[in-house]
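Data block below; observations after.
The values are calculated or read from the model by the stated rules, or taken from the named source; none is laboratory data. Please read these numbers as outputs of a predicted model, since none were measured by experiment. No Cβ is skipped: glycine too gets one built from the backbone with ideal geometry, and neighbour counts run over all protein chains shown.
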Amino acid sequence: MDRQQEFVLRTIEERDVRFVRLWFTDVVGSLKSVALAPAEVEGAFEEGLGFDGSSIEGLARVFEADMLVKPDPTTFQILPWRGEKEQTSRMFCDILAPDGQPSAADPRHVLKRCLAKAADMGFSCYTHPEVEFYLLKSAVPGADGRPVPVDDAGYFDHVPGGVAQDFRRTAVAMLEAVGIPVEFSHHEAGPGQNEIDLRYADALQTADNIMTFRTVIKEVALMQDTYATFMPKPFSDHPGSGMHTHFSLFEGDSNAFFEAGAEYQLSTTARQFIAGILHHAPEFTAVTNQHVNSYKRLWGGGEAPSYLSWGHNNRSALVRVPLYKPHKGQSARIEYRGIDSAANPYLSYAVLLGAGLKGIEEGYELPRGAEEDVWSLTAAERRAMGHDPLPESLHDATRAMEDSEFVAGILGEQVFDSFLRNKREEWNDYRQQVTPLELKRNLGTL
């Protein structure tokens, strides 16, 4: 037994932890959980805990249902919202086949595999997400059928005594109590919309943090008699909720994206990384924007990026190169603005990192950066500049993904097939619905 496992067992005993929750995700990023008695934790470390994988979306077929969850002791945390008495803790888990090998269907393993490839190339990957969400009075829509936000405030607004302000203070304290450091938080542009930015961490820890983040936000909202949603576009006339993520690659202690004196201080490695993301973005958009509603955000205005472009400090670009500290080499990074807050972080970071690494491996050429507002250009101007559109619907995105050898290679056959199957089902369910808009426009006239 290693030191980290010993630390977990000792902490469970000393703090009288009564429940140990083992967390993992299905293929679309829904959190799954099983509560373990403290006496069973040591055995779970050694052998894992058996469960029926065929009952979890995308994990296993019926004839290969037996699977194991094995807790990662480095992710052990007490869950403060469960109270001080009979405390509850959690650990993220790896999914294993009965022979003890990593399951090809485990989203966490998909990201681990991609990070291992980066390590073989000499890189470690760090990420920093900006997570947006809406805070509503209730999960139930109002009388007009629309969600009801907790306020009418806007970007960076300070509302004395405001519900969202109190919510963010409690949420940040709760996040830091479970070991997730927060950089800053603020009100976003939409009514009831908030943003909380997590500090830089390696990509796997960030993905774990995002899954914990969503749980904390939901729990704090319930504690305060409100409701938090990560739905990409809950309002047609207000901005959607994205999860802009900053990426940087390091070679040892050196930032591989920084080159003093180069344009925007970007190294050749960084330029090739961006080129890889832009080249493969249409193929992986179904992963980073996995719901029907995601495309209402991408194509519904509100500063969401819809075209393949990059630029320095250009918020209309899909990939932005921030220059907050241009002379500080360690802060060099790129920001991918397409991903939304409802994405599976393990799979999304795997395809983004994989695309960037592919660009480095193949020496992709980066096209000219966009200096203009891409949204304000005409369709002809965008075509002339090479700003091709992202997929316009989940249907278009899945069609692009199903033809992609690149995405299939990153996700592996089992995750690739089960993810596409889930998304086809979502699209089919959606296209069979008769919407209120259709009834409003057509029922009385046709």
Please find, among Glu335, Glu402, Glu371, the residue that is over 29 Å from Pro234 (Cβ atoms) and in the same structural domain as Glu426 (by TED's automatic domain parsing). Glu371
Let me spell it out: the conditions are (1) assigned to a strand (DSSP E or B); (2) touching a Phe, Trp or Tyr at 6+ places or on another chain (Cβ under 8 Å); (3) buried (at least 19 other Cβ atoms within 10 Å of the Cβ), and His186 meets all of them except one. Which number is the exception? (3)
Being surrounded by 20 or more Cβ atoms within 10 Å (Cβ to Cβ), part of a loop (DSSP other than H, G, I, E, B), on the phi < 0 side of the Ramachandran plot and touching a residue at least 12 places away in the same chain (Cβ under 8 Å), is that true of even one residue in the stretch 200-209? no
Considering residues that are modelled with pLDDT of 95 or more and farther than 19 Å from Phe123 by Cβ, the number found within the stretch 240-266 is 5
I'm checking my understanding of the structure. Among residues of the stretch 1-56 that are β-branched (Val, Ile, Thr) and under 27 Å from the mean Cα position of the chain (by Cα), which one is nearest to Met231 (Cα to Cα)? Val28
List, please: which pairs have Cβ atoms under 8 Å, are six or more places apart or on different chains, and start with a residue in the stretch 284-308 that is outside any helix (DSSP H, G or I) and end with one that is charged (D, E, K, R) and modelled with pLDDT under 90? Glu303/Arg315; Tyr307/Arg382
From the option list Ser331, Ser294, Ser309, Ser316, single residue qualifying as crowded, with 18+ Cβ neighbours inside 10 Å and under 26 Å from Gly412 (Cβ atoms) is Ser294
Which condition breaks for Arg368 when tested against (1) within 20 Å of the chain's Cα centre (by Cα); (2) free of Cβ contacts under 8 Å to residues at least 60 places away in the same chain; (3) not in a helix (DSSP H, G or I)? (1)
Is at least one residue of the stretch 378-392 in the same structural domain as Phe257 (by TED's automatic domain parsing), touching a residue at least 40 places away in the same chain (Cβ under 8 Å) and in contact with a His (Cβ under 9 Å, 6 or more places away or on another chain)? no
Taking the stretch 366-425 as the search range and keeping residues that are surrounded by 19 or more Cβ atoms within 10 Å (Cβ to Cβ) and of a type in the set (Phe, Trp, Tyr), which one is farthest from Val28 (Cα to Cα)? Phe416
For Ala384, indicate whether it is under 28 Å from His109 (Cα atoms) and outside any loop (DSSP other than H, G, I, E, B). no
Do you know which residues across the stretch 95-109 are modelled with pLDDT under 95 and either part of a strand (DSSP E or B) or within 22 Å of Gly179 (Cβ to Cβ) (or both)? Ile95, Leu96, Pro102
